[in-house]
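The values are calculated or read from the model by the stated rules, or taken from the named source; none is laboratory data. Since this is a predicted model, take the numbers as computed values, not measurements. As a convention, Cβ positions derive from the backbone with ideal geometry for all residues, glycine included, and neighbour counts pool all protein chains shown. With ligands, DNA and RNA removed, areas are computed over all heavy atoms of the protein, side chains included. Shrake-Rupley method; radii C 1.70, N 1.55, O 1.52, S 1.80 Å.
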Amino acid sequence: MSGIIQLLPDHVANQIAAGEVVQRPASVVKELLENAVDAKASDIKLIVKEAGKTLVQVIDNGLGMNTTDARLCFERHATSKIRQAEDLFDLHTKGFRGEALASIAAIAHVEMKTKQDQEELGNHIVIEGSKLTSQEVAVLPKGTSFAVKNLFFNIPARRNFLKSETVELRHVLDEFHRVALAHPSISFTLIHNGSELFNLPGSNRRQRIVTLFGGKTNEKLVPVSEDTDLIKITGFVGKPEFSKKSRGEQFFFVNDRYIKSPYLHHAIMSAFEGLLKEGNQPSYFLYLQVPPHTIDINIHPTKTEIKFDDEHSLYAILRSAVKHSLGQFNVSPILDFERDANLDTPYQYKDKTADFPTIEVDAGFNPFASEKPSKSLNTFGSYKKDIAQANWESLYVGLKQDTEELASFSFESTEVTGSLFDEQSSESMAHTTYQIHKKYIVSAIKSGMLVMDQRRAHQRVLYEQFLTNITIQKAASQQLLFPLTLFFSTNEIQLLHEMQPTIENTGFIFDTFTADAVQISGLPLAMAESEVSIVLEELINNLQNEIPESSFSQSDTIAKSMAKSLAVKSGTYLTDKEQENLVNSLFACKEPTISPFQKPTFITFTVEDLDKRFAL
Ligand code: ADP
Ligand code: MG
């Protein structure tokens, strides 16, 4: 009786294998760039259309292939890079599995042109879904060009699984960054949809980092250097004061290959211990050289995870090397990151009303300074005053007398230092609020007592306000006399650019974008100029983490992020007027009871609750 097991035809086997190697256009970018590097190219051009969904092309000036190899390179397990199993432990090339081209050719339309230096003519080959459709000799320049078109054309499920162009392009850029950082002496160009995103001349590591991540990066880098028998470490870590909430710029290269290693990441984090603001991430660009026989790269098809023989020693060496550099370059610990909010109370506004914010321009403004700005609460001023009053007063019916009595006691925060608000706005509400520990606002209400968390309450107020502004596309801006220029990485700039219309609905005005900077000429009313960089940084980070697809979730993310960044922090002293305005604004909200992050904004105690406590 014949069995039921059959050998899969090659093109099916290739399609299955392709699933491991090629998840998205960025995987093709990685494999093709690495092949060009292995072919010893000194100049590599990456051309991408629609984030690689319709075209990924890599043109190199490397060694090229002869006629036989040009055909053979598309076979599975066809490689020029290793000959025997032992070679796996002495790798000096990016590739060695011989399956990338076979996999890519199984799931796309591939056109390859290649010529070796010493040959007169080159080869031009077209392969579609593993089938050779044409092979011709042609007059070609030295090197190789791979054009991969219509990725996943024969696997619609995979194609549909691809994310938006924004997301896919971000992955492409990540791969491009990784290869470009690993090989600074090679010049790289990246062209997306016809426009040049990067043109990186061959240079050294430091210059490469700076050209990729923007001119301001240079001053942030601290060199790291260590040489032992086990490992040689070179590269840079970012100064702690430039750390960010996002994990954007963190790179390990082992023998010139980008790798991911949570374990070694931990070594860096522990070297930075005590130097970083909570939740912040340092940037690092670390190049590790280890003897090839002490690592195993072949544990993952995409070769981004590797196994070290002596991980524990590497951890210790790396940690001490980074610590040493931070110490040597006099990067002193910054212990108190939270500003003293007391100093932020805008005393200079004493007795002024807040009809319209004045504009102050700080000529010495440093967008990277980590100190936080003075907080202006003037957005409460006119916020739906009528509704606020109505809601609020209903809590107070019959209370007036009691509160007047209470007011004669001296509480910890009754001292009035200034007002940002309309004097009249609170006249009709002669109730008293007390701020406790610069964190809670307490007040008597009809049924008993209310305790409000000032930060969460303000988050709710700002969130609804921003969301309304974004959806009705009508936000007031404060015009800056001198536009601000802020620097970000190319990825971040791109994100801001894409989100520009939505972000501008909050009141920002972005004038011009360059590869690594944005010029801002208008700000939301609630925002001080010194807050801009931190607010945008947090916004970018939140957008990157959420990767919102629908426009509603984008608006929601932006509103939440800005509300969180701009809300008064715990520890901020609020004047009586500010307290009252906060309370009024909160009760004018659609959902006053919870913060945008689903936490309660206030709690109440009824008189019975209190009676019970005293009855004990
Ligand atoms: P691997 O890189 O693991 O060897 P690939 O499928 O990526 O496997 O490539 C197969 C072979 O094709 C390589 O070993 C190399 O000999 C050849 N090749 C691929 N790309 C290029 C290129 N850009 N220039 C010259 N040769 C190349
Ligand atoms: Mg390869």
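Considering only the range 486-527, state which residues are open to solvent by 50 Å² or more (accessible area, probe 1.4 Å), in contact with a helix residue (DSSP H, G or I) (Cβ under 7 Å, 6 or more places away or on another chain) and under 15 Å from Leu543 (Cβ atoms).
If the condition is that a residue be open to solvent by 50 Å² or more (accessible area, probe 1.4 Å), in contact with a helix residue (DSSP H, G or I) (Cβ under 7 Å, 6 or more places away or on another chain) and under 15 Å from Leu543 (Cβ atoms), then Glu498 is the only one that fits.
Here are some residues: Gln15, Gln6. Which one is at pLDDT below 95, assigned to a loop (DSSP other than H, G, I, E, B) and not small (Gly, Ala, Ser)?
Gln6
Could you say which residue among Leu480, Leu467, Leu462, Leu484 is touching an Asp or Glu at 6+ places or on another chain (Cβ under 8 Å) and assigned to a helix (DSSP H, G or I)?
Being touching an Asp or Glu at 6+ places or on another chain (Cβ under 8 Å) and assigned to a helix (DSSP H, G or I) holds for just one of Leu480, Leu467, Leu462, Leu484, which is Leu467.
Go through the range 60-71 and report how many residues are within 9 Å of ligand 1 (Cβ to nearest atom) and open to solvent by 50 Å² or more (accessible area, probe 1.4 Å).
Total meeting the criteria: 2.
Quick check, is Lys216 open to solvent by 20 Å² or more (accessible area, probe 1.4 Å), within 24 Å of Leu543 (Cα to Cα) and of a type in the set (D, E, K, R)?
Taking the combined requirement at face value, the residue satisfies it.
Only residues in the range 115-135 that are among the small types (Gly, Ala, Ser) count as the first member; pair them with residues that are open to solvent by 80 Å² or more (accessible area, probe 1.4 Å), Cβ under 6 angstrom, at least 6 apart or cross-chain, and list the lot.
That search, which allows pairs on different chains as well, returns Ser130/His11.
Scan Lys30, Lys45, Lys49 and give me the residue that is more than 8 Å from ligand 1 (Cβ to nearest atom), basic (Lys, Arg) and open to solvent by less than 40 Å² (accessible area, probe 1.4 Å).
Exactly one of Lys30, Lys45, Lys49 is more than 8 Å from ligand 1 (Cβ to nearest atom), basic (Lys, Arg) and open to solvent by less than 40 Å² (accessible area, probe 1.4 Å), namely Lys30.
Tally the residues that are within 16 Å of ligand 2 (Cβ to nearest atom), part of a loop (DSSP other than H, G, I, E, B) and in contact (Cβ under 8 Å) with a residue 12 or more places away in the chain, restricting the search to the range 46-105.
22
Being away from ligand 1 (no atom under 13 Å from the Cβ) and in contact (Cβ under 8 Å) with a residue 60 or more places away in the chain is true for just one of Ala17, Ala13. Which residue is that?
Ala13
Six or more apart or on different chains, Cβ atoms under 8 Å: show the pairs whose first residue is in the range 571-588 and assigned by TED's automatic domain parsing to the domain that holds Ile441 and under 10 Å from Met452 (Cβ atoms) and whose second is assigned to a loop (DSSP other than H, G, I, E, B) and of a type outside the set (A, V, I, L, M).
Between residues of the range 571-588 that are assigned by TED's automatic domain parsing to the domain that holds Ile441 and under 10 Å from Met452 (Cβ atoms) and residues that are assigned to a loop (DSSP other than H, G, I, E, B) and of a type outside the set (A, V, I, L, M), the close pairs are Leu586/Pro592; Leu586/Thr601.
Checking the structure you have, find out if any residue of the range 108-115 is surrounded by 20 or more Cβ atoms within 10 Å (Cβ to Cβ), outside any strand (DSSP E or B) and more than 11 Å from ligand 1 (Cβ to nearest atom).
yes
Anything in the range 240-273 that is more than 20 Å from Asp310 (Cα to Cα), open to solvent by 50 Å² or more (accessible area, probe 1.4 Å) and more than 18 Å from the chain's Cα centre (by Cα)? List them, or say none.
Glu273
Which numbered condition trips up Arg178, out of (1) more than 16 Å from ligand 2 (Cβ to nearest atom); (2) of a type outside the set (Val, Ile, Thr); (3) in contact (Cβ under 8 Å) with a residue 12 or more places away in the chain?
(1)
For the range 75-128, enumerate the residues that are among the β-branched types (Val, Ile, Thr), under 20 Å from Leu63 (Cβ atoms) and in contact with a Gly (Cβ under 9 Å, 6 or more places away or on another chain).
Across the range 75-128, the qualifying residues are Thr79, Ile82, Thr114.
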